[in-house]
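The values are calculated or read from the model by the stated rules, or taken from the named source; none is laboratory data. These numbers were taken from a predicted model, which means no experiment stands behind them. Here the Cβ positions follow ideal geometry from the backbone for every residue, glycine too, while neighbour counts run over all protein chains shown. Only protein heavy atoms, including side chains, enter the accessible area calculation; ligands, DNA and RNA are left aside. Shrake-Rupley method; radii C 1.70, N 1.55, O 1.52, S 1.80 Å.
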Amino acid sequence: MSNKSSGNGSAASEALIREIATRHASLPGPLLLILHAIQDELGFVPNDAVPVVAEVLNVSRAEVHGVISFYHLLRDTPPGRHTLYLCRAEACQAMGARTLERHAKEKLGVDYHETTEDGRFSLEPIFCLGNCACSPAIMIDDFVYGRVTPERFDALLEVT
Amino acid sequence: MANRGEVRVFVPRDTTARSLGADDVAQAIAGTATDRGESVALVRSGSRGLYWLEPLVEVEVDGVRHAYGPIGPGDVEGLFDAGFLTAGDHANALGPTGQIPYLARQSRLTFARVGITDPVSLEDYRAYGGYEGLAKAVELDGAQIVDIVTESGLRGRGGAAFPTGIKWRTVLGAEGIQKYVTCNADEGDSGTFADRMIMESDPFALIEGMTIAGFAVGATEGYVYLRTEYPLAIEIMNEAIGSAESAGLLGENVMDSGQAFRLEVREAAGAYICGEETSMLESLEGKRGIIRYRPPLPAIKGLFGAPTIVNNVITLASVPIIMARGSKYYQDYGTGRSRGTLTVQLAGNIKRGGLVEIGFGTTLRELLEDFGGGSATGRPIRAVQAGGPLGAYVHPSQFDTPLDYEAFAEFGGMIGHGGLVVFDDTVDMGEQARFAMEFCAIESCGKCTPCRIGAVRGVEVIDKILSGVDEVDNLVLLRELCDTMVVGSLCALGGMAPFPVLSVLDHFPEDLRAR
């Protein structure tokens, strides 16, 4: 994994994180909302965010870390410019997802949870995009594509 | 609404249609219409759920919708040449949409508007019977609403099939200053997309259903717990909630009734376990989605410790039509104790994949053959996984089983959320059994040992069997392990993940042996 550093929070991002946490703090059950908002803003939840969010909400750091690490779609490392989600679930398996998976990893030269050398793509597994009648499916950032053959996959990489 | 002289053309904006290029088709139609000086009103409707025909373009001629599909951007010039704006013939012409057999044979109740209307148009929703249910509900007291829902026989469509009316009655009778209505829109089962379709194609039905639920039990707050994997559904739901608020259908004074109901979408974060209701409540509270012990039931002590309705999207979206047409109307569909309609989703290796809303009692074979048309690859169907990743693999010898909750339960299967994932004869059932355990290991919340450790051991034992290490002993061990997980796990994840494994052991043993 090329970018394991995540303690790269500057004073600016700390201020931003504090602002986000404070803005949501009075809502019911705010922690997951705050983490989503941070990830929407920064692309990931930096480790530096943990003590800040914990302090604003008056909960332990362990609590915040626990939530970040529990959810598959929260990440604590910076993603590539695009995130590519491959569906690994059964409907896609029935239509060649395992072949597509091998192809994608080989083509990008990375495994799941890794980012390509050039920083263009992060590859993530996902369990079901709800596109199961037109499998296999992938999602690039927040757009879903259906019936993705290895050829179509390559073509999508070209235009992304 | 179209202006005089404008022809209304419909191109779906649902995820599957877009995943196959519907946006490009819509753009091409708009561009070509302009170039040719044709007066076209383009509507981005929901999808009919005839997914093998997407992108499906419809045109309204003399009040009748005519369908063309599948249509790629490259087909658009040809469509205009063929005179599709006056329902002209074309190689991909399908005739009047309502007469397409796949659709004509269905009983679309919950999905009555899906694919027909512009999902975010409140005007469309009302034109097709929307908010008639709530209009009735505001005239009734909570107990009367609960009675109607109970009499309809509606059962939870998320998988567990618990009678909705009983759940609501419990919440109604529970003491609490604050009560909640929550919608479990964490549709994580592979092979299911019915919830997504409602939220993307008919979001007001869910909003109306939740509002009625709020009136029924005296809850003023509602949450839709919606998966991150459905970005378009999140966008459309939020837009629809905004419109409902502006129209006084949500907020402090719903339909001038003096009662409040506020609704908010809360985004999940990719944990399958959060589809389990107590785990979902933890997640809604912003915590890790670790399941809770029951009792207390969420209906007594749910979100933030308050009495809470937890229902699936389809369940809640079925409520408006029950209120509008009465419990008997709904109950007349179905069989035995499975009343109303079931939304089946044909998925995976199937020629005609899509959504089939039909009365209970239809057999699996009718669905796979008459609707589905066999496998997409044209090869024989070898197995069907029914009810999601925790559901049994159904063997062709069981295909004549009628779809109702009890008939499926008899052979250890389940209908669950209605997803049918089809596999052809190239499937490696040993791999599928292994995947069931792997999935459980990845998604286990970790609270109970049978699930947390058992799933990991399950993968290891299957690997040993497949690689020929103590095959006979390990097959015995695998059954014992499944047994431990089934009886010892706290929730359905660990308790049911062995079902697909056991079904492979029972019906496809030739695939689960040394290679």
Which residue, B:P231, B:G258, B:A216, has the largest displacement toward the positive end of the dipole of region B:211-317 when charges sit on each Cβ (Lys, Arg +1; Asp, Glu -1)? B:A216
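Pairs of alpha-carbon atoms within less than 8 angstrom and 6+ residues apart define the contacts here; what relative contact order does region B:364-515 have, in percent?
Working: 239 pairs, mean separation 39.0, N = 152.
In percent, rounded to a whole number, it is 26.
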Can you give the charge dipole size of region B:143-295 about its Cα centre, rounded to the nearest 20 debye, using +1 on the beta carbon of Lys and Arg and -1 on the beta carbon of Asp and Glu? 580
DSSP-assigned coil residues among chymotrypsin sites (Phe, Trp or Tyr not before Pro) in region B:256-299, each with at most 10 further Cβ atoms within 10 Å: B:Y293
Once every DSSP H run of n ≥ 4 in chain B is given -39500 (n - 2.57) and the sum is divided by its residues, what mean residue ellipticity at 222 nm do you get, rounded to the nearest 500 deg cm²/dmol? -11500 deg cm²/dmol
Separation in nanometres of the label points that stand 7 Å from Cα toward Cβ, at A:R23 and B:I166: 4.6
Got the relative contact order for chain B handy, in percent, Cα pairs under 8 Å and 6 or more residues apart? 13
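With a 1.4 Å probe and every protein chain left in place, work out the accessible area per residue of region B:405-455 in Å², rounded to a whole number.
Details: 1510 Å² over 51 residues.
Normalised by residue count, the accessible surface of region B:405-455 is 30 Å².
With Cβ to Cβ distances under 11 Å as the rule, what net charge do the other residues near B:I350 carry (K, R +1; D, E -1)? Let's see the in-between values first.
Working: positive: B:K351, B:R352; negative: B:E369, B:D424.
Counting the neighbours of B:I350, the net charge comes to 0.
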Do any GluC sites (Glu not before Pro) in region B:155-224 lie in a DSSP loop with no more than 16 other beta carbon atoms within 10 Å, and if so, which? B:E175
Once a ≥ b ≥ c are taken as the square roots of the eigenvalues of the Cα gyration tensor of region B:72-117, is the result rounded (a/c under 1.5), prolate (a/b larger than b/c) or oblate (a/b not larger than b/c)? prolate
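Only Cα pairs under 8 Å and at least 6 apart count here; give the relative contact order of region B:59-104 as a rounded whole percent.
45
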Treating each Cα of chain B as an identical point scatterer and ignoring solvent, apply the Debye formula and state log10 I(q)/I(0) at q = 0.07 Å⁻¹. -0.40
Sort B:M496, B:M323 by accessible area with a 1.4 Å probe, largest first. B:M496, B:M323
Buried by partner chains in region A:80-118 (accessible area down by at least 20 Å² vs chain alone, 1.4 Å probe, heavy atoms, protein only) are A:R88, A:E90, A:A91, A:Q93, A:A94, A:M95, A:R98
When all Cα-Cα pair distances of region A:46-100 are considered, the percent exceeding 19 Å is 51
Heavy-atom accessible surface that A and B bury in contact, both chains counted, 1.4 Å, Å² to 100: 3800
Give me the number: length gained by fully extending B:R36 to B:D118, i.e. 0.36 nm times residue separation minus the C-alpha to C-alpha distance, one decimal in nm. 27.0 nm
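Largest first and in whole Å, give the semi-axes of chain A's equivalent ellipsoid, each being the square root of 5 times a Cα gyration tensor eigenvalue.
Working: eigenvalues 219, 58, 30 Å².
With the √(5λ) rule applied to chain A, the semi-axes are 33, 17, 12 Å.
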Which residues among region B:446-490 fall inside the zone where the amide N is under 18 Å from a point 7 Å beyond the Cα of B:R294, along Cα→Cβ? B:446-448, B:451, B:486-490
Singleton cysteines, the protein assembly as shown, no second Cys beta-carbon under 4.7 Å -> A:C128, A:C132, A:C134, B:C183, B:C274, B:C440, B:C445, B:C448, B:C451, B:C482, B:C491
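Carbon and sulfur together cover what percent of the accessible area of chain B at a 1.4 Å probe radius?
Working: 8740 of 17720 Å².
Roughly 49 percent of what the probe reaches on chain B is carbon or sulfur.
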In region B:218-232, which residues become less accessible by 40 Å² or more once every protein chain is in place, relative to the chain on its own, using a 1.4 Å probe? B:E229, B:P231
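Restricting everything to alpha-carbon atoms, can you work out Rg to Rh for region B:225-375 with a Kirkwood hydrodynamic radius? Present the calculation step by step, with values, prior to reporting the outcome.
Details: Rg = 18.8 Å, Rh = 18.5 Å.
Taking Rh as the inverse mean 1/r over Cα pairs, Rg/Rh reads 1.02.
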Computed accessible area, B:K464, all protein chains, 1.4 angstrom probe, square angstrom: 90
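Relative to the Cα centre, what is the charge dipole magnitude of region B:213-332, using +1 at the beta carbon of each Lys and Arg, -1 at the beta carbon of each Asp and Glu, and rounding to the nearest 20 debye? Present the calculation step by step, with values, prior to reporting the outcome.
Details: 10 positive and 14 negative charges, 100 e Å.
Computed about the Cα centre, the dipole is about 480 debye.
Run through the DSSP bridge list for the protein assembly as shown and note the antiparallel percent, rounded to the nearest 5. Write out the running numbers ahead of the final one.
Details: 36 of 67 bridges.
That works out to approximately 55 percent antiparallel.
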Place +1 on the Cβ of every Lys and Arg and -1 on the Cβ of every Asp and Glu in region B:1-132, take the dipole about the Cα centre, and give the residue among B:A91, B:I116, B:Q27 whose Cα lies farthest towards its positive end. B:I116
Would you calculate, for chain A, the mean residue ellipticity at 222 nm contributed by helices, counting each DSSP H stretch of 4 or more residues as -39,500 (n - 2.57) and dividing by all residues, to the nearest 500? -13000 deg cm²/dmol
Interface residues, region A:19-35 - accessible area loss of 50 Å² or more versus chain alone, probe 1.4 Å: A:P28, A:G29, A:L32
Accessible carbon and sulfur surface of chain A relative to its total accessible area, %, 1.4 Å: 50
Using only C-alpha atoms and all pairs of different ones, pull out the Kirkwood radius for region B:88-144 in Å with one decimal. 14.2
Partner shielding of B:185-191, as the mean number of partner chain Cβ atoms within 10 Å, equals 5
Considering amide H positions built from the backbone, and no H for Pro or chain starts, which residues 5 or more places from B:V40, or on another chain, come under 5 Å of its amide H? B:V7
Label-point separation (nm) for B:E369 and B:A143, each offset 7 Å from Cα along Cα-to-Cβ? 5.2
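Tell me, what is the per residue accessible area of region A:43-160 in Å², probe radius 1.4 Å? Write down the numbers at each step before the final one.
On the way: 4790 Å² over 118 residues.
Accessible surface, normalised per residue, equals 41 Å².
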Kirkwood-based Rg over Rh for the protein assembly as shown (C-alpha set), two decimals? 0.95
Net charge dipole size for the protein assembly as shown [Lys, Arg +1 and Asp, Glu -1 on Cβ; Debye, nearest 20]: 1080
